[in-house]
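Chemist: Can you read through this structure? Questions will come right after.
The values are calculated or read from the model by the stated rules, or taken from the named source; none is laboratory data. Here the structure is a predicted model, which means the values were calculated and not measured. Cβ atoms come from the backbone with ideal geometry, glycine included; neighbour counts cover every protein chain shown. Areas reflect the complete protein model, heavy atoms only, side chains present, ligands, DNA and RNA absent. Shrake-Rupley method; radii C 1.70, N 1.55, O 1.52, S 1.80 Å.
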Amino acid sequence: MHDKTLAQTAEALRTGEVSALELTKHYLARIARFDDALNAFITVTEEHALAQAAEADRRMAAGEATPLTGIPIAHKDIFCTAHVRTSCGSRMLDNFIAPYDATVVERLARAGAVVLGKTNMDEFAMGSSNETSYYGAVRNPWDHDAVPGGSSGGSAAVVSARLACGATGTDTGGSIRQPAALSGITGLKPTYGRVSRYGMVAFASSLDQAGTLTQTAEDAALLLETMAGFDSRDSTSLDEPVPPYSTVIDEPWDDLTIGVPENFFDEGLDAGNAAALGAALGELEKLGARLKSIRLDNVHLSVPAYYVVAPAEASSNLSRFDGVRYGYRSPEAMTGNLNEFYKRNRGEGFGAEVKRRILIGTYVLSTGYYDAYYLKAQKVRQLISGDFARAFAEVDIVAGPTTPTPAFRIGQKTGDPVEMYLNDIYTIGANLAGLPAMSVPCGFAGALPVGLQLIGPHLSESRLLKTAHYFQRATDWHARVPPGYD
Ligand code: GLN
């Protein structure tokens, strides 16, 4: 059963080849068998999943099903769930049960999807390897000594190892696309505002966006058409109609010009990745796309700009975690004065990477440094948006690498934060400019998967998904299963 994509599973449920309960039990058994080694789940919600599956079977029998009814999925543990804790990968929220469901959780539940559990992630979504999680590193199903990417590393590993039909994730600087690339699956970060951020623990509010991790673009389309849409509870949510993505992707191929940024293929790109990407671009040409060489001149400034803007917003967003009303409270909290109370709770509740970001963010926002750093970074952000706007006056889609290298070893980059940050060099631009972007499996470097990134203008999800869907009809990289998980 787990050899099927989400779309194929929906078909099997519809025809009665399998029931939601059988399917859910099958996936729970796989989780029990494989997740001790992978550590991809923080919480498995067996009882809740079985109850949702029984309800899904009842709905299907009553003829009230949607295409997602009975489909087993997993949520990144950054989405608030009323039925089980939401840790955000942090000791700070280890004991936190939200009083409500995030909009994403609510909409997927309403459609009848079955939630198997909450997936592991970098603490407060800060990281590119899943190693900053309070709950430990996640292993890459393709190579247990390698990272699955981050911060949505648990969701990526779950889909890659076929422990769920699909998963949710969030992407602030690459956290859906980068783990999708390193784990050999399809990741979609929609346009900023396309999916509601209500109930999603905030990291950097002007960059955060929820999206999907799936085997295929078709699966992503099915999830996105349910998740997306206006939400009055999120003031940055876009009030734009949601196209029927899963049918749009099958429309006839139209004229497509793809821009290939020359400077994305410089010496920073691993030779194995470059070879796989070259072949993938050739495949797109065969499908009828015209390739055009372009330049995104300010992209080399995206990492420094991001590491001012994102920590600044994080330092403000994370100030709410103090152990007063909820969250971690130190056993020693009440033994000193008020200052010591905060120091103990936050000092023990947050991990090293989160503290580093709070310190950077507080620094760049402080009097005397605001103009030199924060304002400057906002100007760079404008330059990067301008680069993309110029590109999209000439091309429909920008295509290039998702990551500079395939998955790296666990522990390889933990000693050098800047080395870790550079992993997101190709992904951060889309967040700074609020653009939709995807990563699609496009080959291997050695035994490890490589991702092709597609970036489009605002609200061009239909075109991105369709291009990826056509690419996946012509290739089978997305169908490869890590050894031992088939
Ligand atoms: N890796 C980047 C960071 O550490 C992006 C994280 C994300 O997209 N949530 O901030």
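Chemist: Could you please find all residues in segment 234-254 being in contact (Cβ under 8 Å) with a residue 24 or more places away in the chain and in contact with a Lys or Arg (Cβ under 9 Å, 6 or more places away or on another chain)?
Modeler: Passing the criteria: Asp234, Thr236, Ser237, Leu238, Glu240, Tyr245, Val248, Ile249, Asp250, Glu251, Trp253.
Chemist: Another question about this same structure. Hey, could you check segment 293-313 for residues that are near the ligand (Cβ under 10 Å from one of its atoms) and aliphatic (A, V, I, L, M) and say which is nearest to the chain's Cα centre (by Cα)?
Modeler: Ala310
Chemist: When the residues of segment 426-454 are filtered to those that are in contact with a strand residue (DSSP E or B) (Cβ under 9 Å, 6 or more places away or on another chain) and either in a loop (DSSP other than H, G, I, E, B) or among the basic types (Lys, Arg) (or both), which remaining residue is nearest to Asp266 (Cα to Cα)?
Modeler: Tyr426
Chemist: Would you tally the residues in segment 205-230 being open to solvent by less than 10 Å² (accessible area, probe 1.4 Å) and farther than 20 Å from Ser439 by Cβ?
Modeler: 1
Chemist: Applying the selection to segment 314-341, what residues are on the phi < 0 side of the Ramachandran plot, more than 16 Å from the ligand (Cβ to nearest atom) and either crowded, with 17+ Cβ neighbours inside 10 Å or under 23 Å from the mean Cα position of the chain (by Cα) (or both)?
Modeler: Residues satisfying the conditions are Phe321, Asp322, Tyr328, Arg329, Ser330, Ala333, Phe341.
Chemist: Please verify whether segment 344-351 includes one or more residues that are surrounded by fewer than 18 Cβ atoms within 10 Å (Cβ to Cβ) and more than 15 Å from the ligand (Cβ to nearest atom).
Modeler: yes
Chemist: Among the numbered criteria (1) over 15 Å from Arg110 (Cβ atoms); (2) open to solvent by 10 Å² or more (accessible area, probe 1.4 Å); (3) part of a loop (DSSP other than H, G, I, E, B); (4) without any contact (Cβ under 8 Å) to a residue 60 or more places away in the chain, which one does Asp36 miss?
Modeler: Against the list (1) over 15 Å from Arg110 (Cβ atoms); (2) open to solvent by 10 Å² or more (accessible area, probe 1.4 Å); (3) part of a loop (DSSP other than H, G, I, E, B); (4) without any contact (Cβ under 8 Å) to a residue 60 or more places away in the chain, Asp36 comes up short only on (3).
Chemist: Could you identify the single residue in Gly149, Gly169, Gly184 that is farther than 20 Å from Thr414 by Cα, within 12 Å of the ligand (Cβ to nearest atom), in contact with a Pro (Cβ under 8 Å, 6 or more places away or on another chain) and open to solvent by less than 10 Å² (accessible area, probe 1.4 Å)?
Modeler: None of the others qualify; the one that does is Gly169.
Chemist: I'd like to check something: does segment 436-449 contain any residue that is open to solvent by 40 Å² or more (accessible area, probe 1.4 Å), in contact with a helix residue (DSSP H, G or I) (Cβ under 7 Å, 6 or more places away or on another chain) and away from the ligand (no atom under 16 Å from the Cβ)?
Modeler: Within segment 436-449 (the criterion being open to solvent by 40 Å² or more (accessible area, probe 1.4 Å), in contact with a helix residue (DSSP H, G or I) (Cβ under 7 Å, 6 or more places away or on another chain) and away from the ligand (no atom under 16 Å from the Cβ)), the answer is yes, since at least one residue qualifies.
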